[in-house]
Each structure stands twice: as structure tokens, then as C-alpha cells.
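First the structure, in the form of C-alpha cells, and then the observations on it.
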């Protein structure tokens, strides 16, 4: 007959495989959803710039340098947020792995006591404490996994913050009837390079200054969130360890 110890060792092995798979899936989800959000935001900004260029009767290829400059600055701000949130994400994963390691230690200690027939009853209290410790860690791990999903939502919100400064006055809005629109396009075409740069390029550059300034503050907030989050998780771990120590003394 298979011993309790053997079954527990098999369970630990299976747990380890499942844990790794779950974390890999969560990381893949983070990268996939954030990348899709990023691509969507950049494509919309690029489409808006292209529409502005066409609206003013200019050639898109003639403004490649200016367009790329604006896009690259937006990309840099998105990247800064992504890096900060990914750091937060990995900090949570490290805490999860630490608790999973503690769970395995609890299972291993449970195995040793369960197989010690002579002292089994004397250590029954410790067995119960080990079960509670394992279950307690499991609750914290579930909370941390929820935080991983929150991290994805927060990153998307960060991206929204970056694009919220887009000035609606530079959006392409076709007003008036068909004839009026045609006349406006003709006038825009011959209005010269300076008007386009003033109405579009310069405004977008001013918006980017706001984006960059406000993003500095947001990145500082993310850093504080990460520190507080890790501290809270570690506090819960300490409480769990203290309760276990108290139970077996």
C-alpha cells in the first residue's frame, strides 16, 4: 500500500508543475493584453496624425520624420509605464513563489509527523497547525493572483492616462455640407506648411509635454504602490508564521 508520505511527495511534485504553469499563463496574459492595448493606442495616434496630414492636403511621406518623432515619444511613455507595472507584476510573483515554497515545507513537515507512528498523537496539534498554515498561505496566494489581474487593468488605465491629453481641437471633424468641406480642403491645401505645423504638429508637441510631465508623477505613484503592496503581503506572511508558531508552542 502506498504510504501517506509517498502520496504527499507526489502531490508536491504535481503542485510544483501546476504552480509554474499558472504563473506562466498569467505572465503570458499580462504580455498579450498589454501589447494589444499598446498597439491599439499607437495605431489610433498614428491614424489621427495621418488624417490631419491628409485633411490639410499634405503628403504623408513628407512628414514621416515629424510623425515618427511624436509616435516615438508616446512609445517611450507607454514603455515607462509598462516597465514599472511589469516590475510590480514580478514582485507579486516572487511573493507567490515564496509562499508556495512555504506550503511545500508545511507539506513535508506534515509527512514526517504523519509517518512517525510512535509520536503521531503527541504531534496532532502540530499537524493541525500545519494544515491551517497551508490553507492560510493559499488564501494569501489567491489574493495575490487577483492582484496580478489588477496589475493588467492598472497598466491599461495608465495607457488611458497617457492618451487623455489628446486635444479634441486637433481631431479631424468634417463639419458643414459637402461643398463646404471641399472648399475647406482646397483652402487647407494652399494654406502653406506653417498653418499645418501650427495647428497640428505644435499642438501635439505641447500635449506631449503634458503627457511627459504627468507621467513622471504617475510612475512615482506606481513605485509607492509596489512598495506598499509587497510590504502588505509580507506582513500577512509574518502574521501567518506567528500564528503557526503560537499554535505549536
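The values are calculated or read from the model by the stated rules, or taken from the named source; none is laboratory data. Everything numeric here is computed off the predicted structure, so don't read it as measured data. Neighbour counts are summed over all protein chains in view; Cβ atoms, including those assigned to glycine, are modelled from backbone coordinates with ideal geometry.
Quick check: anything in region 96-107 more than 22 Å from residue 21 (Cβ to Cβ), part of a helix (DSSP H, G or I) and either modelled with pLDDT under 90 or more than 37 Å from the chain's Cα centre (by Cα) (or both)? Checked region 96-107: no residue is more than 22 Å from residue 21 (Cβ to Cβ), part of a helix (DSSP H, G or I) and either modelled with pLDDT under 90 or more than 37 Å from the chain's Cα centre (by Cα) (or both).
Cβ-Cβ contacts under 8 Å between residues 6 or more apart (or on different chains), taken from a first residue in region 35-55 that is under 19 Å from residue 82 (Cα atoms) to a second residue that is part of a helix (DSSP H, G or I) and at pLDDT below 90, are listed as 41/163; 44/163; 45/163.
In region 195-209 there is at least one residue matching the filter, namely being at pLDDT 90 or above and either out of contact with any helix residue (DSSP H, G or I) (no Cβ under 6 Å at 6 or more places or on another chain) or on the phi > 0 side of the Ramachandran plot (or both).
Yes/no per residue for (1) assigned to a helix (DSSP H, G or I); (2) farther than 20 Å from residue 159 by Cβ; (3) in contact with a strand residue (DSSP E or B) (Cβ under 6 Å, 6 or more places away or on another chain); (4) modelled with pLDDT of 95 or more:
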residue	(1), (2), (3), (4)
46	yes, no, no, no
52	yes, yes, no, no
57	no, yes, no, no
62	yes, yes, no, no
72	yes, no, no, yes
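The residues in region 141-153 that are buried (at least 18 other Cβ atoms within 10 Å of the Cβ) and more than 14 Å from residue 27 (Cα to Cα) can be counted, and the count is 1. Set side by side, the residues 217, 153, 187, 148 differ, and just one is assigned to a helix (DSSP H, G or I), over 30 Å from residue 22 (Cα atoms) and at pLDDT 90 or above, which is 217.
Of the residues 67, 80, which single one is surrounded by 11 or more Cβ atoms within 10 Å (Cβ to Cβ), modelled with pLDDT under 95 and either in a helix (DSSP H, G or I) or out of contact with any strand residue (DSSP E or B) (no Cβ under 8 Å at 6 or more places or on another chain) (or both)? The unique qualifying residue is 67.
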